[in-house]
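I have placed the structure first, in the form of structure tokens, so that the comments after it can refer back to it.
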Amino acid sequence: MALPLALWGLALQATNAFAQFPGWQQEADYVMDVVLDTARHGLEGHTTIAFTNHSPDALDKLHFHLFFNAFRPGSMMDVRSRTIADPDPRVGSRIAELPEDEWGESTVQSLRVNGTPVAVEHDGTLLTAELTEAIGPGEQVTLALDWTAVVPKQIRRSGWMNSEGVEYSMTQWYPKLCEYDHWGWHTDEYIGREFHGIFGDYDVTIHAPEGYVIGGTGELAAPANDGTWRFEAENVLDFAWAADPDYVIASTQLGETAIHCYHQADPEFDASWEQLPDYAARAMAFFNDLIGPYPYPQYSIIQGGDGGMEYPMATLITGKRTLRSLVGVTVHEMAHSWFQALLATNESLYEFMDEGMTSYAASLCMQHLFESPESDDPHRYAYAGYMRQATSGAEEPLATHADHYTTNRGYGIAAYAKGEVLLAQLRAIIGEDALRTGLKDYFARYAFKHPGPIDFMRCMERASGLELDWYIQYFVYSTHVVDYGISGVDFDAAAGQTAIRLQKIGGMPMPTTVAVTYSDGSTSRHFIPLRMMRGAIVPEGAALESDWPWVNPEYTLVVPGEAVAVDLDPDGYVADVDDANDHYPFPEPEKSTKKERKQRRKKN
Ligand SMILES: [Zn+2]
């Protein structure tokens, strides 16, 4: 029966509400002119934003981020880092202990909308402006801001004089318009984790004292002159830079993309930095091939910040590292270019789509660059980390907002390790080929569009022809674990066949691959799809068995001949939390002494 027209409208709206990319997004093009006063670590800035409200809603207020206000005693970042159960040692109580002349500050002196002054209210790391006249759907306005800032002593990411002696790491540093999307405004206070933002063009002029070298997002529009540096970047999420008088630059070219490496000369680590451009170019070539072509004209790897942090067309990393460590951090931050800077998922809501997917790609790239044996699963550390957490009783769902995990560890394992496993485990469900095809399709469809989990999973469905919504529902929105086991292996000599009895013990369903070894030394493999996949991509060399409805706790696989050994998931693609029941013959019953058990644990 056809729906009445009015109900059709509702049905369509409901469908759109579930689509993660709604077909529109905001646009904010920045022109900034900034003076850096190194004597007092001050910034004075004038920003013009051409803002187009592509949303279907009239906006009667605007929100901006003022990130530097996090670096003051009593800020939410300060309280959070002192009160969380497992404080990040990089922050801990450092903000609370900052002397006043090292505090950060971000203040907007004036905001004009199309030339008309608008009252603003500062509130921690946010600024709100109530508009006298709403910005209608499709309307473009010019926002003009006069602002000042005091750069904090480096605590996290931004700041002056980090522990490696880099003078200015300038990230999350300017008043930035908050994102407004189909979820509405995103006004998360800055407590130190993930970000979400609006794509736009940036034209940034920085006036620094003469002698400073500046690297960052964008291309130098003209040679730096008298301490004036002008950078332009098209269609980026953010703008970051770093300044230091002692930077030396090494560059290379990959196709249309220039790669620049900035570091302070240091005899102990110069050898690592000399080799970095070549490794970086090879890493970028690998990601271009794995995910899709990097579209920007440059990428800069800059010593600064703390640890490593990704920005569009640039990363700030600590630089006193051995070659492998320097390449490792560069590869991870560079992989973010695709997931954080180009696909630009809301990282606060779906941190695994940034950190996890980045970790997945980075693990593959490191195996490629350092030619690790193919027998080593590049994702093994992610599996081990996730499974430890999943069986600890402390796991929180992957769908938890990045800022709101109970522990730093819970966030870290979920976002990075479980997120990496989410992709790698698809090898067990749709196979490596469909996973790789789906990843390329995902980037091609959703670069510059802020996709969500459903968009990603739909690409995997298209690549495989299988139903996969259950996978996201379980793995992202629940903490159910996968645990399948062998409950019995019975040879029937009269019939000449073996019944292998399998059990679903964990809450999360998963297709099962079974490897069998027979008394005559021959082997076979069997693939048991889930019924709810509505099909199967059978792994090479495996026989397709009848499907397993997820409600059934048991399944019997009958094979001809006498099976003497059975192994579940022989490739190790499934994050099955209990390995002990995955292999027949079963391990000896626990009669061993405490000492023997301890020795065995050591060996494992
Ligand atoms: Zn990362």
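FYI, it's all coordinate maths here, none of it is from the lab. Everything numeric in this text was worked out from a predicted model, so none of it was measured. Glycine gets a Cβ as well: all are built from the backbone with ideal geometry, and neighbour counts include every protein chain shown.
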| task | For a label point 7 Å from the Cα of Ala50 along Cα→C-beta, name the residues of segment 189-204 whose backbone N is under 14 Å from it. | result | 200-204
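Taking the DSSP beta bridges in the chain as the whole, what percent of them are antiparallel, to the nearest 5?
Details: 106 of 127 bridges.
Close to 85 percent.
For segment 244-479, go through all pairs of different Cα atoms, get the mean of 1/r, take its inverse, and jot down that Kirkwood value in Å. The partial results should precede the final answer.
Numbers: mean 1/r = 0.0547 Å⁻¹.
The Cα-based Kirkwood calculation yields 18.3 Å.
Relative contact order, percent, of the chain when contacts are C-alpha pairs under 8 Å separated by at least 6 residues?
It comes to 10 percent, rounded to a whole number.
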| message | If you take every DSSP beta bridge fully contained in segment 186-335, what fraction is antiparallel? Give it as a percent rounded to 5. | response | 75
| request: First measure r as the distance between the Cβ atoms of Glu133 and Val248, then evaluate 1/(1 + (r/R0)^6) with R0 = 56 Å and state the FRET efficiency to the nearest 0.05. | output: 0.60
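In percent, what relative contact order does segment 69-199 have, based on Cα pairs under 8 Å that are 6 or more apart in sequence?
Details: 205 pairs, mean separation 30.3, N = 131.
After rounding, I find 23 percent.
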| When only DSSP loop residues count, what GluC sites (Glu not before Pro) in segment 181-231 have their Cβ near at most 15 other Cβ atoms within 10 Å? | Glu210
| said: Let me see the P(r) profile for the chain: every Cα-Cα distance counted, bins of 20 Å, each bin given as a percent of all pairs. | reply: 18, 48, 27, 7, 0
| DSSP beta bridges in segment 484-603, what fraction antiparallel, as a percent rounded to 5? | 90
| Rounded Å value of the spacing that divides the Cα centres of segment 340-389 and segment 460-533 | 25
| said: Give me Ile191, Ile301, Ile291 sorted ascending by neighbouring Cβ count inside 10 Å, so fewest comes first. | reply: Ile191, Ile291, Ile301
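What list do you get for Glu432, Glu461, Glu333, Glu97 if you sort them by fewest beta carbons within 10 Å?
With the fewest neighbours first, Glu432, Glu461, Glu333, Glu97 line up as Glu97, Glu432, Glu461, Glu333.
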| request: In nm, give the distance between the simple-model label positions of Ala495 and Ala85, each being 7 Å from the Cα along the Cα-to-Cβ direction. | output: 5.0
| What net charge do the residues around Val204 carry, taking every other residue with its C-beta under 10 Å from that of Val204, with Lys and Arg at +1 and Asp and Glu at -1? | -2
| query | Please state the relative contact order of segment 244-479 as a whole percent: Cα pairs under 8 Å, 6+ residues apart? | reply | 17
| task | At a Cα cut-off below 12 Å, give the aspartates and glutamates reachable from Lys449, other chains included and same-chain residues fewer than 8 away excluded. | result | Glu27, Asp181
| Within segment 484-603, how many lysine pairs that are 8 or more places apart, or on different chains, have C-alpha atoms less than 19 Å apart? | 5
